[in-house]
Amino acid sequence: MRLIRILLLLILPVFIFSACILKPSAPAKPSPTPEPKTIELKPEEKPYLSLIPSADGHWLKLKIDNISNFITQIEYELIYRAVDNQSEIEKGLGDTVKEIQGNRVERDLLMGTSSCTNGCKYKYDTGITGGNLSLTFITPNSEPLSYETPFILKTGTELKKDKILALSEENFTINLSNPGSDYFLLLKNYGYPKNPTISSVYSVFSSGSGLGKVISIKPEGFTKENLNLLIGDYLLSL
């Protein structure tokens, strides 16, 4: 009997210790992944866009000014209409700006192809009439901000004949006279940080002086500072 008591005293702690070891711990609850915030830019925070044609019309210089500090990368895509073998085709290009110095970005966009193995050789697309510019502004802690605008590209010779520069997708038309011999490009701009009371802005850029007289602007309500220049910003106030 004494021997049985001794054995129980030896074996019982082992069972108790084993039970303590084998007892499963409650799984840790996974912490919820925070959803990216959706932000909206104030009027004075919206970038101002420039898309400037070169003298030969084969290049566009993309400039993005007034970039907010919280924007860390910018993706851009240019889709344009060209003519190949008398048929209209869509072509495109794009890239990501991974480093932003200050609050401005500039890129030269070739509407064609290049080969720079032994000196650069270019093949330019022809018959370009316009297209679309798409931008995605990436921030670390919020949803990306996207903007897309159509653009139209015309020569001064075409404008002398047509007497209008228009974005049909936007129902925006400039009636004009006496344009210069430049290339002219019209787009709907993202913002006009100079004046936060502006609700809508269209911008005309050219490869030269941008001469041309503005006769009228449709829809009504848009104003322009100098009507003796075709280039510039066409503004609609709140």
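Any read-out appearing in this document is the output of simple, stated calculations on the displayed coordinates, not a laboratory observation. Please read all numbers here as calculations on a predicted model, not as lab measurements. Cβ: placed from backbone, ideal geometry, glycine included. Neighbour counts: every protein chain shown.
Filtering the range 179-194 to residues that are closer than 30 Å to residue 42 by Cβ and surrounded by 14 or more Cβ atoms within 10 Å (Cβ to Cβ) leaves 185, 186, 187, 188, 189, 190, 191, 192, 193. Considering (1) at negative phi; (2) part of a strand (DSSP E or B), the lone condition that residue 140 does not fulfil carries the number (2). Working only within the range 180-238, note down all residues that are of a type in the set (S, T, N, Q) and in a loop (DSSP other than H, G, I, E, B). Hits for the range 180-238 are 181, 189, 195, 197, 207, 209, 226, 228.
When residue 54 is tested against (1) out of contact with any Lys or Arg (no Cβ under 8 Å at 6 or more places or on another chain); (2) touching a residue at least 40 places away in the same chain (Cβ under 8 Å), just one condition goes unmet, and that condition is (1). Going by the conditions given, is residue 140 touching a helix residue (DSSP H, G or I) at 6+ places or on another chain (Cβ under 7 Å) and either under 25 Å from residue 207 (Cα atoms) or touching a residue at least 12 places away in the same chain (Cβ under 8 Å) (or both)? No; evaluated as a whole, the condition is false for this residue.
Listed here are the residues, each with its yes/no results for (1) in contact (Cβ under 8 Å) with a residue 40 or more places away in the chain; (2) out of contact with any helix residue (DSSP H, G or I) (no Cβ under 7 Å at 6 or more places or on another chain); (3) not hydroxyl-bearing (Ser, Thr, Tyr).
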{"site": "157", "(1), (2), (3)": "no, yes, no"}
{"site": "161", "(1), (2), (3)": "no, yes, yes"}
{"site": "164", "(1), (2), (3)": "no, yes, yes"}
{"site": "168", "(1), (2), (3)": "no, yes, no"}
{"site": "175", "(1), (2), (3)": "yes, yes, yes"}
{"site": "178", "(1), (2), (3)": "no, yes, yes"}
{"site": "192", "(1), (2), (3)": "yes, yes, no"}
{"site": "197", "(1), (2), (3)": "yes, yes, no"}
{"site": "203", "(1), (2), (3)": "yes, yes, no"}
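Note on the range 143-176: residues that are in contact with a Leu (Cβ under 9 Å, 6 or more places away or on another chain), among the small types (Gly, Ala, Ser) and closer than 22 Å to residue 206 by Cβ total 2. Could we say that residue 92 is without any contact (Cβ under 8 Å) to a residue 40 or more places away in the chain, over 13 Å from the mean Cα position of the chain (by Cα) and surrounded by 11 or more Cβ atoms within 10 Å (Cβ to Cβ) here? Judged against the criteria, residue 92 is a match. Taken as a whole, the structure places residue 176 among residues that are touching a Lys or Arg at 6+ places or on another chain (Cβ under 8 Å) and either in a strand (DSSP E or B) or buried (at least 17 other Cβ atoms within 10 Å of the Cβ) (or both).
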